[in-house]
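A.B. asks: Handing you this structure, nothing more for now.
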Amino acid sequence: MPVNARRIVVVVWLAYSVAVLGISILPSEAVPKFLMFGWDKIANAIAYLASLLADDTVYTYPIIGWDKIAHASAFLGLGALTVPVMLHRKQWITLTVGYGLAIAVLSEWLQSYAPGRTPSTADVAADLIGTGTAVIVSILWLRLFGRAFASHVKQTRA
């Protein structure tokens, strides 16, 4: 990755990390409404589909709260931005998951000081699911397209 592009990725990654931490310590009513775009509806749809697979009972409440989906989605983005920052290191998977865990734990700890917010281990679990999903997708992407990308880089440098 060219130096200027790498710097941009690192700046975006750091800004996103700060935004995740900042939003996590805002009081619930202060979180911008556009960040809540339909997570409750997605959670209800998941609950409904799960109920169809499980038995004849139709659940009208979310099994997975919208906030868990929001957490997983936010950390999916964080993981997706962390991967290219860490990819040049041998232990990039461990570093990416470790960074996601560190930000998740830090955000929950900070929530203990925020009015109207309650820290939750379930939120940390949702955050790790999001980060882990980003890592799995990255591994699959690299396996599918890594060789083609590497050969393209060799051809353009020759």
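The values are calculated or read from the model by the stated rules, or taken from the named source; none is laboratory data. Predicted, not measured: the structure shown is a model, and the values here were computed from it. In this analysis, Cβ positions are derived from the backbone assuming ideal geometry, glycine residues included, and neighbour counts consider all displayed protein chains. Remember, those area values only see protein heavy atoms, side chains included, never the ligands or the DNA or RNA. Shrake-Rupley method; radii C 1.70, N 1.55, O 1.52, S 1.80 Å.
A.B. asks: Which one is modelled with the lowest pLDDT, of the residues in the stretch 104-118 that are part of a helix (DSSP H, G or I) and out of contact with any Phe, Trp or Tyr (no Cβ under 8 Å at 6 or more places or on another chain)? I'd like the intermediate steps shown before the answer.
C.D. replies: Pass one, the stretch 104-118, residues part of a helix (DSSP H, G or I): 104-111.
Imposing the further condition that a residue be out of contact with any Phe, Trp or Tyr (no Cβ under 8 Å at 6 or more places or on another chain) reduces the set to 105-111.
Values: Val105: 96, Leu106: 95, Ser107: 93, Glu108: 93, Trp109: 93, Leu110: 91, Gln111: 88.
So, considering only residues that are part of a helix (DSSP H, G or I) and out of contact with any Phe, Trp or Tyr (no Cβ under 8 Å at 6 or more places or on another chain), the one modelled with the lowest pLDDT is Gln111.
A.B. asks: What is the one condition in (1) at pLDDT below 60; (2) surrounded by 11 or more Cβ atoms within 10 Å (Cβ to Cβ); (3) in a helix (DSSP H, G or I) that Met1 does not satisfy?
C.D. replies: (3)
A.B. asks: Applying the selection to the stretch 107-134, what residues are more than 18 Å from Leu78 (Cα to Cα), in contact (Cβ under 8 Å) with a residue 40 or more places away in the chain and crowded, with 16+ Cβ neighbours inside 10 Å?
C.D. replies: Selection gives Gln111, Ala114, Arg117.
A.B. asks: From the set of residues in the stretch 72-93 that are under 15 Å from Ile8 (Cα atoms) and of a type in the set (Val, Ile, Thr), which is nearest to the chain's Cα centre (by Cα)?
C.D. replies: Ranking the candidates gives Thr82 first.
A.B. asks: Same structure again: Kindly check whether there is at least one residue in the stretch 41-55 that is modelled with pLDDT of 65 or more and either within 19 Å of Val124 (Cβ to Cβ) or open to solvent by less than 30 Å² (accessible area, probe 1.4 Å) (or both).
C.D. replies: Within the stretch 41-55 (the criterion being modelled with pLDDT of 65 or more and either within 19 Å of Val124 (Cβ to Cβ) or open to solvent by less than 30 Å² (accessible area, probe 1.4 Å) (or both)), the answer is no, since none of the residues qualifies.
A.B. asks: Run down Thr60, Thr96, Thr121 and say which single residue is modelled with pLDDT of 85 or more, β-branched (Val, Ile, Thr) and over 15 Å from the mean Cα position of the chain (by Cα).
C.D. replies: Thr121
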